[in-house]
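The values are calculated or read from the model by the stated rules, or taken from the named source; none is laboratory data. Just so you know, these numbers come straight off a predicted model, no measurement behind them. A quick note on method: Cβ atoms are made from the backbone with ideal geometry, for glycine too, and the neighbour counts reach across all protein chains shown. These accessible areas exclude ligands, DNA and RNA; they are computed on the full protein's heavy atoms, side chains included. Shrake-Rupley method; radii C 1.70, N 1.55, O 1.52, S 1.80 Å.
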Amino acid sequence: MEKIARQAKNQGAYLFHKYGLILLTVGITLFFGIIQKNFFTLRNLLNILSSACLTSIAGIGVTCIMSSGEMDYGAGTHLTMGAVLMVVFLTKLHVNYFVAILMTLGCLALIGLLNAFLHIKGRMPAFIATMGTSFVFTGVAKMLTDGTDLLGVAEVTTPIFTFIGQGYLWGIIPMPLVVLVVVGALMVLFTEHTRSGKYLYAVGSNPEACKYIGINANMQKIKGFVLCSTLCGLAGIVQGSMINGALATLGSSMMLYAMIVLMLGAMVFKIGVFNIPGTVIGALLLAVINNGMIMMNVKVHTKDFVLGALMFVAVTSVVTIRKAARRG
């Protein structure tokens, strides 16, 4: 009986750790709903969802590069470039909208390849390489916008431009959610159910062992860099559609947010492992907390304290979980 009780206790603890972040998200949502009467209005819930979708899409990209054991400091810059390039292609080159999307994502993929080249061939630490290129492309974004806000320009106020960020599928489902579901489903399929996707995790967990089983670690890292820059750029396209344009500082906070949701995501489903469903749950929790604090009119420094504490708790939890796993 004692053995059965101990096994039940261990199983309960495991389930709590595996799904605890979901319970926390539900609990915090109910908390804000109780103390703020307008929290559960349809408009506010859609605002939360839209915010979570942006962070989720960018966070999925960061999840890919972090799963390969590297880091891309330029996630926010990729988002900015996605929005800026999209507007520039439409307003200055006057290309077709769908061609502009392909051109924008192609440019972001090239940025990812550049980061991979600097890291792999240039022997630069990934953090330093991506930090350097993030400053360069922030300058490019400011140059392309000429230091102004590209908002409300005729070409970006058309229904086709605003649809992906402000429209609804069948008049019910917000398009940012549709984009997230499609991207999330494809990336889960890729990382969890294809050999190529699983190699990302293999290289991130044990790059030395991969050499002996024929996995090209450099190729996996290249995939990680390209997926990160491209998906963050896609998030930028969606956000640009939301605001009818682009700003050179649009993604200034995205790197912090992406890292927070990444670490939170490693606390759910696959404990201690970066995973895409967990990242999406982490993004939803972050969006709920941000929205709730705004509705409560908390001071700016309080918001920073909360986000910093959230990051600290998430990182500490992941490190502790991984140490426990290695001891076990």
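What to note about this one:
- Any hit, the range 157-164, residues being open to solvent by less than 20 Å² (accessible area, probe 1.4 Å) and not hydrophobic (A, V, I, L, M, F, W, C): no
- Residues in the range 167-207 that are more than 14 Å from residue 68 (Cβ to Cβ) and not small (Gly, Ala, Ser): 22 in all.
- Yes/no for residue 148 being modelled with pLDDT under 90 and touching a Lys or Arg at 6+ places or on another chain (Cβ under 8 Å): no
- Residues satisfying the stated conditions in the range 270-321, i.e. of a type in the set (Phe, Trp, Tyr) and either more than 22 Å from residue 53 (Cβ to Cβ) or at pLDDT below 75 (or both): 305, 312
- Meets criteria (open to solvent by less than 10 Å² (accessible area, probe 1.4 Å), in a helix (DSSP H, G or I), under 19 Å from residue 27 (Cβ atoms) and among the aliphatic types (A, V, I, L, M)) for residue 281: no
- Residue within the range 124-136 that is in contact with a strand residue (DSSP E or B) (Cβ under 6 Å, 6 or more places away or on another chain), outside any helix (DSSP H, G or I), under 22 Å from residue 232 (Cα atoms) and open to solvent by 40 Å² or more (accessible area, probe 1.4 Å) present: no
- Residue 234 closer than 20 Å to residue 146 by Cα and at pLDDT 85 or above: no
- Taken over the range 45-88, residues that are under 18 Å from residue 178 (Cα atoms) and surrounded by fewer than 24 Cβ atoms within 10 Å (Cβ to Cβ) amount to 7.
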